[in-house]
Amino acid sequence: MKYQIRAFQAEIIKNRNSNMLWGTFIAFGIAPVIGGVFILIIQDTDALAKAGSLALKANAMNFEANWKSYMGLLTQAVAVGGVLVFGFVASWIFGREYSEGTAKDLLSLPTSRTKILNAKFVVYVLWCLALVLSNLLIGFLIAAILRLPLTDVRGIFLLLNDYFITAFMTIIVGFPIALFAIWGKGYLAPLAFVALTLVFSQIIAATGYGTYFPWSIPGLFSGAGGEYKKLLNNYSYSILILTGTMGYFATIAYWRKADQTK
Amino acid sequence: MNNQTTVLQTNSLTKFFGETKATDNISLDVKEGEIYGFLGLNGAGKTTLIRMLLGMIKPDNGKIMLFGKKLDSGFNLWNDVGYLVETPYAYPNLTVTQNLKIYYKLRGLENESLVDSIIEKLKLTKYKEKKAKELSLGNQQRLGLAKALMHGPKLLILDEPINGLDPEGIVEVRELLKALANEGSTIFLSSHILGEISKLANRICIIHEGRIVKELATDELTRQLTKKLIVKTTDNSAALNVLTDVNYIAELNLKEEIEIMSADAIANPEVISQLLVEKKLPPRQIYLFIEDLEMYFLRTIRTKEL
């Protein structure tokens, strides 16, 4: 356990001063701000008339100035934006060792390769959870400033439940990105994988098979696909968990067994 | 030396990358306290061998023993090994101290003063709060060495450790490595510069196209360097006849100088001088030519190619 804790501490040293850390918080924080702008426009009829395309967008989304709409937007942002931003986080954490040339310094140490990867997975999960919490915090702050009516507290807890389940699902489908970073020895392969999953998750969801495509499932669960959420079943959740589990074990197995020439 | 413990041993180590044989049947052993120089051109297989010694690449055939234990997935003596493979890289946005703290943690060390003391030993104190990306190439090399040495390893495996260092840095690193060997550390280092390796190593191994072509002690190397007596007179053709008449092995080189290869002439050049004076062919120039190390290295690998 000592070496596992030490590996985690080493990962913290590596990431706490990184520019990428703050970059992801800024990128991810756009969603609650946009939600806030929608509320502002809808609450103010003059602004609604002047807002043009933003008003159109808010109307197209059936956006209303209430907690249900706002939390729905935040949850969908986690599901769809999360695939992208969490994908960046995973690509950075696992791909940087090759891009920065430090991978070889991690391979012949008393701390095993598995423990080093475990530490990276833990940092990935914590980083994503921090992003999820920070968006929630920004959302609550904006809602408080805009005086969003707090009428149904129980309802908000249910929305929060959906928000966190969506976040966990999105985090889990990010696990295979680690394999692409280590196999591709850098950022390029994992980022290409993230881009492909985003594209395919949209296409496959549109064809009606999204319930069985792991990267579409968080989006469908978040409500981004409307009534398709109801189609998610135990197979959908099993596929999602299996994808994450396989991503984790394949990454460990590959790093332990493959020749390291870079 | 033979009675000393073997620290590193390889047995018929072979590795293929596709159709290419990167190392071919490499067997060697390195004793405790020895500085073992591993020499080869770029692409000779040095880095592949070093990566195999560090468990980064698995050999297709053969085995590796470190400290008498087989190197496999269960090997757990990595804190007795320090290493530097190819160009040393560090986390660019972290300071020298932060970079070293990462390896301090990953090595599970328990004495925090190790970080400061290696910084001081490698003369990095001035740069300890500087980000790695702001360091000169030489100081990046020092940082790489600091990572390799921080935990006081018994075996150091260093790939081109003087790359990028200025002359002062080269001397410092050379002295540091010699001091470590004197304290009992075993050092396995690779280079493509024979001159540098010969100043450090007790034993030298030359690798070419993945195979060991020569292994010898450094003092034996000195004996194997080609030596010739070069003579110039007013009439070199006549002087050559005089010398060959008395059974010296000699010939004219491309510069029309006389090259005498006989060992007694090399040992006693004054005898040659006296002989030529007596024959009215006094030498205008006479000197001992000793093959330099680079020429020896190239001659060795070319002989094996033929």
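Largest GNM mean-square fluctuation across B:61, B:42, B:253, computed for chain B with C-alpha springs under 10 Å, falls on B:253. With a 10 Å cut-off around each Cβ of B:104-111, the average count of Cβ atoms from other chains is 6. Among B:203, A:6, the order of accessible area from largest down is B:203, A:6, computed with a 1.4 Å probe on protein heavy atoms.
Once the gyration tensor of the Cα atoms in chain A is diagonalised, the equivalent ellipsoid follows with semi-axes of 36, 20, 16 Å, ordered largest first. Cross-link pairs exceeding 30 Å between alpha carbons, from the set A:262/B:105; B:15/B:178; B:31/B:199; B:255/B:280: B:15/B:178.
Mean per-residue shielding of peptide A:97-105 is 6, counting Cβ atoms of other chains within 10 Å of each Cβ. Once you've got the Cα coordinates, tell me which of B:63/B:154; A:185/B:131; B:58/B:123; B:123/B:154; A:120/A:230 are over 31 Å apart. Check vs 31 Å cut-off fails for B:58/B:123; A:120/A:230. Taking all protein chains together, B:52, A:246 sort by accessible area into A:246, B:52, largest first [probe 1.4 Å]. Hey, quick one: spin label on residue B:238, modelled 7 Å out along Cα-Cβ, who in the stretch B:261-283 has an amide N within reach, i.e. under 17 Å? Under cut-off, by backbone N: B:273-283. Treating cross-link reach as a plain straight distance, find the aspartates and glutamates whose alpha-carbon is under 16 Å from the alpha-carbon of residue A:257, omitting any fewer than eight places away in the same chain. Here the aspartates and glutamates satisfying the reach criterion relative to residue A:257 are B:60, B:72. Shape verdict for the stretch B:227-290, please, from the Cα gyration tensor: rounded (a/c under 1.5), prolate (a/b greater than b/c) or oblate. Note, shape of the stretch B:227-290 comes out rounded.
With θ taken as phi - 60° and the Karplus curve 6.51 cos²θ - 1.76 cosθ + 1.60 applied, the whole-hertz 3J(HN,Hα) list for the stretch B:16-30 is 9, 10, x, 8, 7, 8, 6, 9, 10, 6, 8, 10, 7, 9, 10 Hz, x standing for glycine and proline. Here is the list for the stretch B:85-165: GluC sites (Glu not before Pro) lying in DSSP coil, each with at most 15 other C-beta atoms within 10 angstrom of its C-beta, are B:110, B:112, B:129.
Comparing B:25, B:202, B:236 in a Gaussian network model of chain B, where Cα atoms under 10 Å apart are tied by springs, the biggest mean-square fluctuation is seen for B:236. Estimated purely from DSSP H runs of n ≥ 4, each contributing -39500 (n - 2.57), the mean residue ellipticity at 222 nm for the protein assembly as shown is -16500 deg cm²/dmol once divided by its residues. Separation of the stretch B:92-106 from the stretch B:252-293 is 60 Å, based on Cα centroids. Buried accessible surface for the A/B chain pair comes to about 2800 Å², total over both chains, computed with a 1.4 Å probe. Note on chain A: GNM, Cα springs under 10 Å; of A:32, A:149, A:214, the largest mean-square fluctuation is that of A:149.
Look at where the Cα atoms of the stretch A:85-159 and of the stretch A:160-222 average out, and the two centres are 15 Å apart.
Other residues within the sphere of radius under 13 Å centred on the Cβ of residue A:149, judged by their own Cβ, net out at 0 (K and R +1, D and E -1). Calculate how many DSSP beta bridges within the stretch B:6-223 are antiparallel, expressed in % of all such bridges and rounded to the nearest 5. If we restrict to bridges inside the stretch B:6-223, about 55 percent are antiparallel.
The values are calculated or read from the model by the stated rules, or taken from the named source; none is laboratory data. Not measured: the values here are computed from a predicted model. Cβ atoms come from the backbone with ideal geometry, glycine included; neighbour counts cover every protein chain shown. Accessible surface is based on the protein model in full, side chains and every heavy atom, while ligands, DNA and RNA are left aside. Shrake-Rupley method; radii C 1.70, N 1.55, O 1.52, S 1.80 Å.
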